[in-house]
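> Mind looking over this structure? Questions follow.
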Amino acid sequence: MNYILLITFIASLGLGIFFNNFFIKRPIKFLIKKANKSAIRFSTQSKPILGGLGFYAVFLIVIIASLLVLEEEIYLSKEYLSLLIIVTMSFVMGLADDIINTPPSFKFIVQFLCAFILIFNDIYIHISPIDWINYSITVLWVVGIMNSINMLDNMDAITSLTSLSIIGGTIIFSIFYNTQISNFGLMVLLSVAGALLSFLFYNWSPSKMYMGDSGSQFLGAILAWVGISFFWNSVPIEEVQYSFNTKQALIVALAYIIPLSDTTTVTINRLFRKQSPFMGGKDHTTHHLFYLGLSVRWVGILYFILNSIGIFLSLYLINTGKDFNYSHLWLYFIFPVITFSFLYLNTKFTKIK
């Protein structure tokens, strides 16, 4: 199986480079550009937004190939059907928004449908013995993380690098520790990792193309599924008397520290200004680091490092198992608290340019 996984990654990387190179060299009239050009953005919207097309093309080829290389009848599995449906729905929804600038309500409807499809197929967060609590938190998670990844896509390479840290950490841990991620799940993650790396050739500052909403919604659906299957459900429910598991929440907060910090910061700041959290703007944590003096490239590198540290701590907590001393749990809150505080406070001390 290991050689199949290696071939999947190499093939996905090669296919990603091929598709991105193919799309970007088409005549300009065939290039997709952002429909809503009047929105306030950090950088120009004149560049083509083709990354999502490459992501989905690689994903589609890999899940078709998985039917041939995996011995089990995965096309009958709930995981296979769920991923195929929600990723396709998310990609199409994002592509529609890129082309015709759909209303926010359309996005929310599709995101809610993605959450309901996962729940219907028994892919949901187990945090409480009470089902409706589990279902409610799953819906909030799926909708929240899909919007979070979309909002994080506001500067060259930021979303790509952050997503790579989460997906890469999950892949490495799954391969070496033989976790609950299936062979099909690993193939999907490796295909996304390959597609992201190939996209970075074109998205690294100064970028030649963007991923667009089709790409960010695609990644949001994938990362929402990873969060449920790998991080949220990585430890058993232990504090059932409170219908909440502190260790679970901490694992997720560490693994997704950058998208959660950025979304929370922007939401708080805009609500205080009586603005919609979902509009475009130049007030993200990434932008304020740029105003502080960091280059776009160094902001991306910093976010990759911070989220990678969070992933390492998260995976360490997962691996501790039942031997973990819960009296030391508070120590692991230090990193996410410091990271969030720094990013949030920096938005208060630097001015928007």
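Nothing in this text is a laboratory measurement; each read-out follows from the coordinates by a stated rule. Since we're looking at a predicted model, the values are computed, not measured. Neighbour counts run over all protein chains shown; Cβ positions are idealised from the backbone, glycine included.
> Over the chain, what relative contact order in percent results from Cα pairs under 8 Å that are six or more residues apart?
Details: 508 pairs, mean separation 86.6, N = 353.
This gives 25 percent for the chain.
> Where in the chain are the DSSP H helices whose C-alpha atoms run 30 Å or more along the long axis and whose mean Kyte hydropathy is at least 0.0? Display every interim value, and only then the final one.
On the way: long enough: 2-24 (33 Å, 1.71); 78-100 (33 Å, 1.37); 131-152 (31 Å, 1.01); 296-320 (36 Å, 1.50).
Length and hydropathy pass: 2-24, 78-100, 131-152, 296-320.
> Next question. Which value in deg cm²/dmol, rounded to the nearest 500, describes the helix-derived mean residue ellipticity at 222 nm for the chain, given -39,500 (n - 2.57) per DSSP H run of n ≥ 4 and division by the residue count?
Numbers: 13 runs with 235 residues, N = 353.
Computed mean residue ellipticity for the chain: -22500 deg cm²/dmol.
> Right, something else. Using only the alpha-carbon atoms of region 2-349 as identical scatterers, what base-10 log of I(q)/I(0) does the Debye formula give at q = 0.07, 0.11 Å⁻¹?
-0.27, -0.71
> Then there is this: What share of Cα pairs, in percent, lie more than 27 angstrom apart in region 148-300? Please list the in-between numbers first.
Values: 3432 of 11628 pairs.
Roughly 30 percent, once rounded to a whole number.
> What does region 295-343 give for Rg and for Dmax, in Å, if only its C-alpha atoms count?
Expressed in Å, the Cα Rg and Dmax of region 295-343 come to 13.3, 43.
> Still on this structure, I have one more. Find how many whole Å separate the alpha carbon centroid of region 240-313 from the alpha carbon centroid of region 328-346.
With region 328-346 and region 240-313 each reduced to a Cα centre, they are spaced 11 Å.
> Taking the Cα centre of region 2-349 as origin and charging only Cβ (+1 Lys, Arg; -1 Asp, Glu), how large is the dipole, in debye to the nearest 20?
Working: 19 positive and 16 negative charges, 321 e Å.
Computed charge dipole of region 2-349: roughly 1540 debye.
> May I ask for the distance between the Cα centers of region 44-115 and region 137-186, given as a whole number of Å?
Comparing the Cα centres of region 44-115 and region 137-186, I get a distance of 14 Å.
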